[in-house]
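What follows is calculated from the coordinates using simple rules that are stated; it is not laboratory data. Quick caveat, the model's predicted, so the values are computed rather than measured. With ideal geometry, Cβ positions are generated from the backbone for all residues, glycine too; neighbour counts draw on all protein chains shown.
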Amino acid sequence: MKARVFSGVQPSGNLHIGNYLGALKNWVKMQHNYESIFCIVDLHAITVYQPPDELRSKIKEIAALFLAAGIDPKHSSVMVQSAVPGHTELAWMLTCVTPVGWLERMTQYKAKAAAQETVGDGLLQYPVLMASDILLYQANIVPVGDDQAQHLELTRDIAQRFNSLYGETFVMPETKLPAVGARIMGLDEPEKKMSKSAPGSGHAVALLDPPDVVRKKIMRATTDSNPAVDFSTMGPGVRNLLAIFQAFTEWPDEKMRAHFTGMRYGDLKKQVAEVVIEHIEPLQKRYQEITCEPGYLEGVLREGAERVRPIAESTVELVKQRMGLYTRS
Ligand code: TYM
């Protein structure tokens, strides 16, 4: 039996090259060697208020971007989290074995909570729902960017705690980070990770940005006071531009050094912009085709949910049995 891969993206904000290089690119590569489930996590998105109509259209946009990036829906299940009730059912059961202290320590919780006037309970429970997404399908491998590594550690802690209280139930999921591109930084603020929700038009390159916008954003990216690329003294802005180039092209380190050492920043930026455009233009073309086909996306999402529902139901049933809850059989 093939090992199972699970991963997800929140349908909030605009998907950017960080999401692509940190997660989607790896998914596309891995999908044929594993049984894969790729999820649009709408229940996670609502931990911060989303205007309902925007959320509805974002769910479809993200699904179309998964497919445009190269996810093959015949082979991989593409589904929406709220279409499978097991995610929230299991989340409650896991909440009951998770100490609050573990959740209060999460860096993403602390950062998001600091930005809100009132902190919803959903924000604190966010990582438990994420653990539930993964454990519900007994996933072996979870390909994500570096910012999700702490949530994955927590997922393993929750699984271990459950297993030791109630007996072996959950598979221990493994985190899979890309070798390059696990943490793409903001173009304007290279000390902060590129984020879907960060304000500022120069922060992130969205996967659906037209070529002239990509060029403008990259040409304006923050660098440092060196005149040209120097691998031993470069600052975070230049390091980030090189990481973007390397993650797209997959050039080995030696080739990167030989090509870029001594290159002026203007030329570096031009080359980075062209590589980004070269890779996202075909994706944008496929996105247009997918979104023009009436009913296609809806069919993919329906089929994806139907395919995974039996796995979810059997895990929920098993967990209920283990905990002594009421079960059908
Ligand atoms: P989300 O929607 O913020 O991001 C989706 C994926 O993109 C990666 N990523 C990045 N990678 C590199 N550089 C960046 N600047 C960057 N920004 C984001 C993320 O690591 C992620 O892989 N909590 C998750 C969604 C989720 C999930 C799950 C993921 C919910 N349940 C179960 C895996 C398994 C999130 O908010 O991702």
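The table below gives the values:
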| read-out | value |
| --- | --- |
| Share antiparallel - DSSP beta bridges, the chain, percent rounded to 5 | 20 |
| Calculated FRET efficiency for the pair TYR296/ARG264, C-beta based, R₀ 51 Å, to 0.05 | 0.65 |
| Amide proton proximity set for GLY8, modelled H, under 5 Å, gap of 5+ | CYS39 |
| Centre separation in Å (Cα based) which lies between the range 160-229 and the range 66-81 | 21 |
| Segment GLN116-LEU55, length gained on full extension (0.36 nm per residue, minus Cα span) | 20.0 nm |
| DSSP H segments from the chain that extend 24 Å or more along their own axis, Cα-based, with Kyte-Doolittle mean of 0.0 or above | 52-69 |
| Packing rank of 280-288, 224-232, where each peptide gets the mean count of other beta carbons within 10 Å, highest leading | 280-288, 224-232 |
| Relative contact order (percent, whole number), the range 211-289, Cα cutoff 8 Å, 6+ residue spacing | 42 |
| Gyration tensor (alpha-carbon) shape descriptor, the range 33-95, a/c threshold 1.5 | oblate |
| Ordering of 103-110, 190-197 by packing [mean C-beta count within 10 Å, highest first] | 190-197, 103-110 |
| Rule-of-thumb Rg ratio for the range 108-247 [Cα; 2.2 N^0.38 Å; N residues] | 1.32 |
